[in-house]
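The values are calculated or read from the model by the stated rules, or taken from the named source; none is laboratory data. All values reported here derive from a predicted model rather than from experimental measurement. In this analysis, Cβ positions are derived from the backbone assuming ideal geometry, glycine residues included, and neighbour counts consider all displayed protein chains. To get the accessible areas, we keep the full protein, side chains included, count just its heavy atoms, and leave off ligands, DNA and RNA. Shrake-Rupley method; radii C 1.70, N 1.55, O 1.52, S 1.80 Å.
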Amino acid sequence: MPSKKPDSPKQSQLAGTDTPDRANSNSKLQALEVARSDATGQALRTNQGVRIADNQNTLKAGPRGPSLLEDFIMREKITHFDHERIPERIVHARGTGAHGFFQSYGNHAELTKAGFLQDPEKITPVFVRFSTVQGPRGSGDTVRDVRGFAVKFYTDEGNFDLVGNNMPVFFIQDAIKFPDFVHAVKPEPHNEIPTGGSAHDTFWDFVSLVPESAHMVIWAMSDRAIPRSLRMMEGFGVHTFRLINAQGVASFVKFHWKPRQGVHSLLWDEAQKLAGKDTDFQRRDLWEAIETGDYPEWELGVQIVPEADEHKFDFDLLDPTKIIPEELVPVTPLGKMVLNRNPDNFFAEVEQVAFCPGHIVPGIDFTNDPLLQGRLFSYTDTQISRLGGPNFHQIPINQPVAPNHNNQRDALHQHVVHKGRASYEPNSIDGGWPKETPPAAQDGGFESYQERIDAHKIRQRSESFGDHFSQARLFFQSMSATEQQHIIKAYSFELGKVEREHIRARQVNEILANIDLKLAAAVAANLGLPAPKAGTVQVKGSQLAKSPSLSQMNHPGVVGIKGRKIAVLVADGVDGASVDKLVKALEAESARPKLLGPTSAPVKTADGKQLPVDASMEGMPSIMFDGIVVPNGVDKALASSGLAKHFLLEGYKHLKAMVLTKDLLNSLGLKEDKGLLLGDEQKVIDAFVKAVEGHRVWEREAAAESIPA
Ligand code: HDD
């Protein structure tokens, strides 16, 4: 019997779109487990449907005899296994994904005729894949790198893919340079080192020779490249796109995703340690947040520039190395995206999802950005080798919810049994179907924006793309003092790994000196190079002295400490009532407290009860938490344990909010501050919650400097 066509994943993913009641989350979890299980009650069979009697032993000549080639059951199983892996993505190989939905805030018909942006009642399913760029599939999550932020909207009018990053600009201006850039950043060809990072000669050789990369590289050296969580990143469509309304009026737009969880980062020391202690840190964080009902949300917004204002800026809207500062054109919110369902199968969904910036729907169109134009070719091309042919749109995760009839036929992995005799158009045999739909205001066929082009065919970069430093300077000068220090340290760390002195010097003298002389001098000092006295080019500077929206300190989020992880350290003798009180107070804020003991075994409370723990302090070190609290009764036990002392001092060093007891504070030799609090009264908890909301106790940075890492 032919197998049943799999259910569209898009319908089922609409289940659970409400924020769940936390009390229900356990039963929901169990229901999910059952839905995910493969307990079908079906017999084990071969791919040809034959029941299998023995799945433990190869067919042999006697119990000790040679194996027989005729064992078709064993050969089929091993052959399939041998081919389980497909080529990983050439870039963005390491990723994770989730299902969710998008809902428009209102009717944006004045801006676009795209149906999913016109009806606030309409729920559009989405699938999102987040990724790093440089590392292979098995590489660490917390490396310093750009994060991919690709969203597939399954709209009624076809799939729309917004294939962006967590940084609003890119390294190069023209797609023809993409293979050069990727070859330079990827592990070096002779020894395949380093995995996951850009701290090596070929990357810095390339970017120091290509000044157009300066703006993106400073973003990559900022804290944006080490996000605390995929839930806490902004997303950007990068290029300027067009939105077109039913009257044919077009506006230029830049797409933005604003996380309700705020924009927060790891510290570099945490990021490096996490890459070893929990390679899957960000994948796990997203998975757990969704499983426990802390559904991450983003607001989709656009910066809108009327066609008539195209040339009003001191940069070119078509240049993908430029932002439109939000102070010049604010972001208009269009709707929200909620991620509320984890994949059922990583390979089938996260690995096989195929994005392409060329997947657009009526009401959205491209611009002539030369990077975007090249991308329109590259993505479909790469899927053909990665997913084994041109029918990858038939893989369930890639199928649109809109019907897709056409006359394309056959090819590798064809799953559709096409009926009818006429696979051409026009035809009279099948009544002329499938037929074209003329463009119309609504529900019409796709019509490209009729941009007038009158030009010579040339290979040339527009002069309006020529300023590579003004916005990099604007970025650096818009950072807080702390963020600037982190950028200086990141350049110094990365260039410190570069073996060739002339590459280090070129980056300092020909790139950093043109961005900001203080930045160049500080990095030069850390590398033992002379400070440059002047830049090498005349930098015209930006329209703005500062763009506060660039500093992530100005994006604290609006969900308080919902979903933040708090360590509660316990040991034998702990005051059970104090633990209860702290845990309840944290849960009231929708934070996720975890009880950590010296080992994974339960501890004994002061009144002799067994208290189970979630993990040991070694299994879940401080770098996995946003805050630490210590209940009463464990001062002595913690102060005499090297493991606990390391946990607490490392948390302090990483500027975490902490609640301690007075005795423990004294024995650790620490001082109270805005985020280091004593006691377990409500006002202490309130101050602790505020400090976690602020993400780090930045005021502590100088005091924490002397604590060993
Ligand atoms: Fe790309 C994957 C984002 C420039 C060619 N890119 C890929 C992914 C993201 C981006 C998020 C992963 C999608 C997924 O999760 O499956 N890429 C960008 C952004 C760019 C950009 C924001 C600049 C603004 N990319 C770019 C250029 C080219 C490519 C200029 C080629 C000319 N990108 C690819 C690719 C990939 C890819 C080779 C690898 C795997 C895939 O497409 O499906 O075709």
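Some points to look at:
- Ignoring aspartates and glutamates fewer than eight residues from Lys336 along the same chain, the ones with Cα atoms less than 15 angstrom from its Cα are Asp18, Asp119, Glu121, Glu234, Glu297, Glu299.
- Solvent exposure, largest accessible area first (probe 1.4 Å, DNA, RNA and ligands not counted), of Ser198, Ser640, Ser423: Ser640, Ser423, Ser198
- Gained length - Val249 relative to Leu209, 0.36 nm times residue gap less alpha-carbon distance: 10.3 nm
- Take Thr58: with every protein chain present and a 1.4 Å probe, its accessible area is about 40 Å².
- For the chain, accessible area per residue (1.4 Å probe, heavy atoms of protein chains only), Å²: 47 Å²
- Antiparallel DSSP beta bridges within the range 519-613, percent to nearest 5: 25 percent
- The chain - percent of accessible surface contributed by carbon and sulfur, probe 1.4 Å: 53 percent
- Shape call, the range 512-559: gyration tensor on alpha carbons, a/c limit 1.5: oblate
- Percent of beta bridges antiparallel (DSSP, the chain, rounded to nearest 5): 80 percent
- Under the Karplus curve 6.51 cos²θ - 1.76 cosθ + 1.60, θ = phi - 60°, whole-Hz ³J(HN,Hα) for the range 342-347, x wherever Gly or Pro sits: 6, x, 7, 8, 4, 5
- Whole-Hz Karplus values for the range 572-583 come out as 3, x, 5, 7, x, 5, 5, 4, 4, 4, 5, 5 Hz, taken residue by residue from phi with 6.51 cos²θ - 1.76 cosθ + 1.60 and θ = phi - 60°; glycine and proline positions read x.
- Distance from the Cα centroid of the range 397-438 to that of the range 506-545 is 58 Å (rounded to whole angstrom).
- Spatial offset of the range 202-275 relative to the range 439-469 amounts to 24 Å, using the alpha carbon center of each.
- Gyration tensor (alpha-carbon) shape descriptor, the range 328-452, a/c threshold 1.5: oblate
- FRET E, pair Lys489, Leu412, Förster distance 45 Å, beta-carbon r, rounded to 0.05: 0.35
- Karplus 3J(HN,Hα) series, Hz, for the range 552-559 with 6.51 cos²θ - 1.76 cosθ + 1.60 (x for Gly, Pro): 6, 4, 8, 10, x, x, 10, 10
- Cross-link pairs exceeding 19 Å between alpha carbons, from the set Lys584/Lys690; Lys565/Lys594; Lys186/Lys497; Lys177/Lys322; Lys562/Lys594; Lys258/Lys690: Lys258/Lys690.
- For the chain, fraction of C-alpha pairs farther apart than 36 Å, in %: 49 percent
- Cβ-Cβ distance of Glu84 and Lys122, R₀ of 35 Å, FRET efficiency by 1/(1 + (r/R0)^6): the value works out to about 0.35.
- Prolate/oblate/rounded label for the range 60-398 (Cα gyration tensor, a/c 1.5): prolate
- Bridge type composition, the range 565-704 - antiparallel percent by DSSP, nearest 5: 15 percent
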